[in-house]
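One structure below.
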């Protein structure tokens, strides 16, 4: 089976390995480019780490960038992560993750933090410059929240991989297509136009979660597969079970 997956090229090595382990072929389609913010800018925005009760990290990219800027100073603060890959990136750097929601969505993470008793606490939310506001909005109902953008996510400068994936779809050379974020789906359609939805009918379309699925449906794409756990591994498991 030949599977196209929307991943930044620099984060694709593990994904390719997971696909090959199943005897399949991976086609990496970068639809989002990650641009880290200046370290000095991040440090200034964070300020005194000792003033925070909780640190919330929403992506593995964010975990890497934040640790690169602040290093071991982060070890004195309670940490919450939105999903297992973010937790792995944090724990690989010696940080203990105390809160991980059962369902890897912003709403669920906010709920778990409320259970921990964040009322009146100070919370640092470190994430992409563009993201859903629901997490920050929910936390602000009970806590003082400082939101710090760690990186920008934009349209890749090289659109060649998206155009190549579109050509392969038209020829029926892609068996399944995994979209790993809402922004990746939007960038894909912005680059290739709404007509690509017709070509996607030739492949099984998998969305990593309900937010991504809703975005795809906005563009007229039928999502056939969505795992219960919002990870690439779970997407591959769900496709194998089809």
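Just a few scattered comments:
- Among the residues of the stretch 81-103, those that are part of a loop (DSSP other than H, G, I, E, B), out of contact with any strand residue (DSSP E or B) (no Cβ under 8 Å at 6 or more places or on another chain) and surrounded by 15 or more Cβ atoms within 10 Å (Cβ to Cβ) comprise 83, 93, 101, 103.
- The set of residues from the stretch 197-239 being under 13 Å from the mean Cα position of the chain (by Cα) and either farther than 23 Å from residue 106 by Cα or assigned to a strand (DSSP E or B) (or both) comprises just one member, 207.
- Every residue from the stretch 166-183 that is in a loop (DSSP other than H, G, I, E, B) and under 12 Å from residue 212 (Cβ atoms): 180, 181
- Evaluation of residue 41 against (1) at pLDDT 95 or above; (2) part of a helix (DSSP H, G or I); (3) in contact with a helix residue (DSSP H, G or I) (Cβ under 8 Å, 6 or more places away or on another chain); (4) within 30 Å of residue 119 (Cα to Cα) (one fails), failing number: (3)
- Of all residues making up the stretch 23-35, the number that are modelled with pLDDT of 95 or more and either farther than 26 Å from residue 233 by Cα or outside any strand (DSSP E or B) (or both): 5
- When residues of the stretch 117-154 are limited to those that are in a helix (DSSP H, G or I) and in contact (Cβ under 8 Å) with a residue 24 or more places away in the chain, the one farthest from residue 49 (Cα to Cα): 134
- Taken together, 144, 107 contain a single residue that is assigned by TED's automatic domain parsing to the domain that holds residue 50, more than 14 Å from residue 58 (Cβ to Cβ) and either touching a helix residue (DSSP H, G or I) at 6+ places or on another chain (Cβ under 8 Å) or surrounded by fewer than 18 Cβ atoms within 10 Å (Cβ to Cβ) (or both), which is 144.
The values are calculated or read from the model by the stated rules, or taken from the named source; none is laboratory data. Source: prediction; values computed, not measured. Neighbour counts are summed over all protein chains in view; Cβ atoms, including those assigned to glycine, are modelled from backbone coordinates with ideal geometry.
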